[in-house]
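To start, the structure under review is shown below, and the notes come after it.
Taken together, the values in this text are just the output of simple stated rules run on the coordinates, not laboratory data. Worth saying up front: this structure is predicted, and the values here are computed from it rather than measured. FYI the Cβ positions are ideal-geometry reconstructions off the backbone, even for glycines, and counts take in every protein chain you see.
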Amino acid sequence: MSEPEEVPAPEQLAPFNIEKARSSRSKCKVCKRAIEKDTPRIGVLLEGPYGTGYMWHHVVCLAKRDLAKVEEAYAGDYTQPGVEKPPIEELRAEAAKAQQKKAEKQEAPFVERASTGRSKCAHCKEPIAEGAFRFGLLQSVEFYGQVRNAVIKVHADCVANALNEANAATEIDSFHDEVRANSKLTKDEVEAALKETGVERG
Ligand SMILES: [Zn+2]
Ligand SMILES: [Zn+2]
């Protein structure tokens, strides 16, 4: 978590603050990258256990994450003089695009058909043939002490073994139902793919 910068006494703080970054030291809470000096940034007042301060964001990053907050900040008198902030229409368009992308992203587990022969199976490391069923499964990955789920792609006949690995994060019990719900192939194809895995219903 990036430290809120030094700020005036809490009673003087507005809920939002749109200003030019005074240094390149603040980090955007959304993308975790530095906010370059002099670029517009939006601060959201946070009253935490360690005091009150602004959490800083790139304006467009916050718009994609939480457009309502940006709308509110733009509607009020929270912009410091001389800040050239992106127009709200552009931010709305960016937010809509981000929503769309999220909607198109496929939840795992799922099955799809390999669109090329270039992908490799994460389980057996062999290529997955073009047009073959390719399953996306969740696997927990540790990165510098932080555990998160990543999607791995495997052959249909590697699914059973992959699901039994220690770091598998897809439950065997709900595997069939989740694949049916998440996959964009036809019903018949999904059933054929599930059959190919040989995984028994839990
Ligand atoms: Zn950002
Ligand atoms: Zn394989």
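A full extension of the chain between Glu72 and Leu13 corresponds to an added length of 19.7 nm, given 0.36 nm per residue minus the alpha carbon distance.
When each pair of different Cα atoms in the chain is counted once in the 1/r mean, what is the Kirkwood radius in angstroms, to one decimal? Don't jump to the answer; show the numbers that get you there.
Working: mean 1/r = 0.0494 Å⁻¹.
Result for the chain stands at 20.3 Å.
I need the shape label for segment 12-86. Rule: rounded when a/c is under 1.5, else prolate if a/b > b/c, else oblate, with a, b, c from the alpha carbon gyration tensor. Taking the square roots of the gyration eigenvalues as a ≥ b ≥ c, segment 12-86 is rounded.
With K and R counted +1 and D and E -1, the other residues having a Cβ less than 11 Å from that of Val154 yield a net charge of +1. Structural descriptor for the chain: relative contact order 14 percent, calculated from alpha carbon pairs under 8 angstrom and at least 6 residues apart.
Seen against the Cα atoms of the chain and their longest principal axis, helix 88-104 is set at about 20 degrees.
On the beta carbon distance between Arg180 and Leu46, with R0 = 41 Å, the FRET formula returns roughly 0.50. Among the listed pairs Lys37/Lys69; Lys64/Lys102; Lys29/Lys69, which are separated by more than 18 Å between their Cα atoms? Violating the 18 Å limit, Cα to Cα: Lys37/Lys69. Over segment 121-202, the reciprocal of the mean inverse Cα-Cα separation, the Kirkwood hydrodynamic radius, stands at 13.2 Å. Summing +1 for each Lys or Arg and -1 for each Asp or Glu among the other residues whose beta-carbon sits under 13 angstrom from that of Ala122 gives +2. Taking Cβ atoms as reference points and 14 Å as the exclusive limit, the residues near Ala103 contribute a net charge of +4, counting Lys and Arg as +1 and Asp and Glu as -1. So what's the back-of-envelope 222 nm ellipticity for the chain, counting only DSSP H runs of four-plus at -39500 (n - 2.57) apiece and dividing by all residues, rounded to 500? Here the helix-only value at 222 nm equals -8500 deg cm²/dmol.
Taking amide H atoms as placed 1.01 Å from N in the peptide plane, the amide H of Lys120 lies under 5 Å from those of Ile128, each 5 or more residues away in sequence or on another chain.
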